[in-house]
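Everything on this sheet refers to the single structure shown next.
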Amino acid sequence: YEAVLREAWPGEMVFIRGFHRHPAFIEAVRGLLARALKGWTPERIFFTAHSLPSRILAEGDPYQDQLLESCRLVTRDLTLPAWEFAYQSQSKTGEPWLGPDLLEALERSGVHSALVCPIGFVAEHLEILYDLDVEALQWAEAHGVELRRTRAFNDRPEFVELLARVVRDAISAG
């Protein structure tokens, strides 16, 4: 595999392990929250990410810890409604998946208004446009819950700048 990569790209490679705690990412998510909260205060904020088979925890995968760290960093020193973390887009594989599921968390919370911030996604695609904008909204309407969500980064300039900063920082550290 590395030999194929070297042939395709003979230059130096720097592997970036993620940006879940990078200050530019934290500020960019805060910007998404600020825009969504302008003129509206929900009872609770739900940060979400794609669920994965729960066996990843036993295998030592840092996925869940990194997501929770991002949420804590985003909310630190901000005056926000209470928040919690939930998963979405669980597949039906017959094995346990990470939870709680967003709809279960919403029901358990008993809130009448909530903002969903899909922090684990950088672009709007099926798991945002269907799972949140259709399925979760239908559930919310049926249960009398005002449900909104933050936008995803997509091609927003702050996201492009965030990626550029992550790359510059990795190169300068490397």
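Things worth noting here:
- Selection within segment 28-56 - part of a helix (DSSP H, G or I) and in contact with a Leu (Cβ under 8 Å, 6 or more places away or on another chain): ALA28, ARG30, LEU33, ALA36, LEU37, ILE56
- The residues listed here are SER89, SER113; of these, the one that is touching an Asp or Glu at 6+ places or on another chain (Cβ under 6 Å), modelled with pLDDT under 95 and among the hydroxyl-bearing types (Ser, Thr, Tyr) is SER89.
- Restricting segment 31-52 to residues that are crowded, with 17+ Cβ neighbours inside 10 Å and free of Cβ contacts under 8 Å to residues at least 60 places away in the same chain leaves a set whose member that is nearest to THR93 (Cα to Cα) is LEU52.
- Among the residues making up segment 136-152, those that are among the hydrophobic types (A, V, I, L, M, F, W, C) and out of contact with any Phe, Trp or Tyr (no Cβ under 7 Å at 6 or more places or on another chain) are ALA136, LEU137, TRP139, ALA140, ALA142, VAL145, LEU147.
- Filtering GLU59, GLU141, GLU84, GLU104 for residues that are closer than 25 Å to PHE159 by Cβ and not hydrophobic (A, V, I, L, M, F, W, C) leaves a single hit, GLU84.
- Members of segment 2-30 found to be closer than 27 Å to ALA82 by Cα and open to solvent by 20 Å² or more (accessible area, probe 1.4 Å), listed by number: GLY18, PHE19, HIS20, ARG21, HIS22, PRO23, GLU27, ARG30
The values are calculated or read from the model by the stated rules, or taken from the named source; none is laboratory data. Just so you know, these numbers come straight off a predicted model, no measurement behind them. Neighbour counts run over all protein chains shown; Cβ positions are idealised from the backbone, glycine included. For the accessible areas, the whole protein counts, side chains as well, though only heavy atoms, and no ligand, DNA or RNA atoms are used. Shrake-Rupley method; radii C 1.70, N 1.55, O 1.52, S 1.80 Å.
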